[in-house]
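Engineer: One structure, as structure tokens, below. Some questions next.
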Amino acid sequence: MLTTPEQIERYRLVTLRAAVRLESVGMKKRGKSATAISRELLGLSRSAPFPAVIAGLNQLIEETHV
């Protein structure tokens, strides 16, 4: 069970990473893409490639201690 804000944030980052991986192989969704949300979160440009976005999310996940 996720009860602390740190656990919730880590779960959010892990799900964002999974969604970016799915988008990188062609899956789409309605609304704002997970890649766009991740790029904003990481401060990357709109043209940042998927591997850079995933690497940035991996780094954030590692920094989030649970």
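The values are calculated or read from the model by the stated rules, or taken from the named source; none is laboratory data. Owing to the predicted nature of the structure, the values given are computational and were not obtained by experimental measurement. Every residue, glycine as well, gets a Cβ built from its backbone with ideal geometry; the counts of neighbours run over all protein chains shown. Surface accessibility is based on the protein's heavy atoms, side chains included, excluding ligands, DNA and RNA. Shrake-Rupley method; radii C 1.70, N 1.55, O 1.52, S 1.80 Å.
Engineer: How big is the accessible area of I37 in square angstrom, nearest 10, if you roll a 1.4 angstrom probe over the protein chains?
Structural biologist: The accessible area of I37 comes to roughly 60 Å².
Engineer: Considering only DSSP states other than H, G, I, E and B, which GluC sites (Glu not before Pro) in the stretch 1-46 qualify as loop sites with at most 15 other Cβ atoms within 10 Å?
Structural biologist: Details: sites: E6, E9, E23, E40; in loops: none.
Hits after loop and neighbour filter: nothing returned.
Engineer: Calculate I(q)/I(0) for the chain by the Debye formula, one identical point scatterer on each C-alpha and no solvent, and give its log10 at q = 0.19, 0.26, 0.30 Å⁻¹ to two decimals.
Structural biologist: For the chain at q = 0.19, 0.26, 0.30 Å⁻¹, log10 I(q)/I(0) is -0.70, -1.14, -1.35.
Engineer: Using a Gaussian network model on the chain with a 10 Å cutoff between Cα atoms, which of A48, A34, A19 fluctuates the most?
Structural biologist: Among A48, A34, A19, the largest mean-square fluctuation in the Gaussian network model of the chain belongs to A48.
Engineer: Can you pull the percent of the chain's accessible area that's carbon plus sulfur, 1.4 Å probe, other chains left in place? Mind showing how you got there, number by number?
Structural biologist: Values: 2770 of 4750 Å².
Result for the chain: 58 percent of the exposed heavy-atom area is carbon or sulfur.
Engineer: Report the label-to-label distance for V14 and L2 in nanometres (one decimal), using points 7 Å from each Cα along the Cα→Cβ vector.
Structural biologist: With each label point 7 Å from Cα toward Cβ, the separation is 0.8 nm.
Engineer: Still on this model: Could you report the chain's accessible area per residue, 1.4 Å probe, as an integer in Å²? Intermediate results must be reported in sequence, preceding the final value.
Structural biologist: Details: 4750 Å² over 66 residues.
Here the per-residue accessible area is 72 Å².
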